[in-house]
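Working notes, structure below.
The values are calculated or read from the model by the stated rules, or taken from the named source; none is laboratory data. All of these numbers come straight from a predicted model, not from anything done at the bench. Note that each Cβ is placed from the backbone with ideal geometry, even for glycine, and that neighbours are counted across all protein chains shown.
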């Protein structure tokens, strides 16, 4: 049976953010268990980008389901040699969105979800997937809830989801990101200000957050007001579209920078006439460190010519050429 939905992630065994293999194992186990529970015809495509020399490949470092039908899981490898041919390869060990484009290229599903390998999908969301009611004219987004504690691997998925609901501390919505409670707000503030606290800074912080305590966000979304309003907040964890739309738009913009490419994709889809739908069912993200990402080159959406040309002419130009997703590369694929 051909898959209805293809899940696409990019990964490498470099312990990004800490406990990476643990987080990815949670993702694999949860996805496969809920896929089976809801009888969802789906495949998982893992693009292993620039595997670190001396570390085990993901197929050996993780446990994979034994009962999955052949071809349900595919691992596509992009070598270090190919990686080093790209600008900024010395500053970025993985080009996440080019990797996801590789996965989209290889996807067999009618619809493709670009997500990340540390996400746990809610039971309600997987049931929504299994209803097979997606429209090819739309792209789908969800809110993301960050989980502060390490999810125990030994718990069944139902209890892992309950754990996530209990320890979720921040939710990322179209209007912005906000803590889920006053105590979570304090914890989030301390997390981002440890070592910089002075009495004057604390007073200024209290004043700045008075508005936020009323329920409004003080952490802005990556979207810019000059572009159509979309849910671009934490979009890298969840953008679902028909495969035909991904191909029409030629995938994620293949910039050689790090940030906001997911936001860029949401804006491009909206400008191209793809209607946004936000599901009420959340995803859960296993929170992690991001210190190493600070050294990577940033993307400034407002500085990109494609948006300025669109504002002037109303016409959208393709960012990528027809070789997007390493179309001309011969990449080894391992199927499970």
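Worth pointing out:
- Hey, residue 30 closer than 22 Å to residue 238 by Cβ, touching a residue at least 40 places away in the same chain (Cβ under 8 Å) and either surrounded by fewer than 23 Cβ atoms within 10 Å (Cβ to Cβ) or in contact with a strand residue (DSSP E or B) (Cβ under 7 Å, 6 or more places away or on another chain) (or both) or not: yes
- Where helices (runs of 4 or more DSSP H) sit wholly within the range 221-336, those with at least 1 residues that are touching a strand residue (DSSP E or B) at 6+ places or on another chain (Cβ under 9 Å) and modelled with pLDDT of 90 or more occupy 243-249, 261-271.
- Number of residues in the range 62-84 that are over 20 Å from residue 115 (Cβ atoms) and either in a helix (DSSP H, G or I) or touching a strand residue (DSSP E or B) at 6+ places or on another chain (Cβ under 8 Å) (or both): the value is 5.
- Test set (1) out of contact with any strand residue (DSSP E or B) (no Cβ under 8 Å at 6 or more places or on another chain); (2) modelled with pLDDT of 95 or more - residue 17 fails condition number: (2)
- Matching residues in the range 1-12 - criterion: being part of a loop (DSSP other than H, G, I, E, B) and either surrounded by 20 or more Cβ atoms within 10 Å (Cβ to Cβ) or under 13 Å from the mean Cα position of the chain (by Cα) (or both): 3, 12
- Checking every residue in the range 120-131 against the condition of being surrounded by fewer than 16 Cβ atoms within 10 Å (Cβ to Cβ) and either farther than 24 Å from residue 41 by Cβ or free of Cβ contacts under 8 Å to residues at least 12 places away in the same chain (or both) gives at least one match.
- Filter result for residue 87 (assigned to a loop (DSSP other than H, G, I, E, B), modelled with pLDDT under 95, touching a strand residue (DSSP E or B) at 6+ places or on another chain (Cβ under 7 Å) and farther than 20 Å from residue 115 by Cβ): no
- Residues of the range 33-61 satisfying the condition of being assigned to a helix (DSSP H, G or I) and touching a strand residue (DSSP E or B) at 6+ places or on another chain (Cβ under 8 Å): 34, 35, 58, 59
- If only residues of the range 90-100 that are in a loop (DSSP other than H, G, I, E, B) and within 15 Å of the chain's Cα centre (by Cα) are counted, the one that is surrounded by the most Cβ atoms within 10 Å (Cβ to Cβ) is 95.
- Among residues that are buried (at least 20 other Cβ atoms within 10 Å of the Cβ) and either assigned to a loop (DSSP other than H, G, I, E, B) or at pLDDT 95 or above (or both), residue 103 is included.
- Within the range 133-176, tally of residues that are closer than 23 Å to residue 249 by Cα and not in a strand (DSSP E or B): 7
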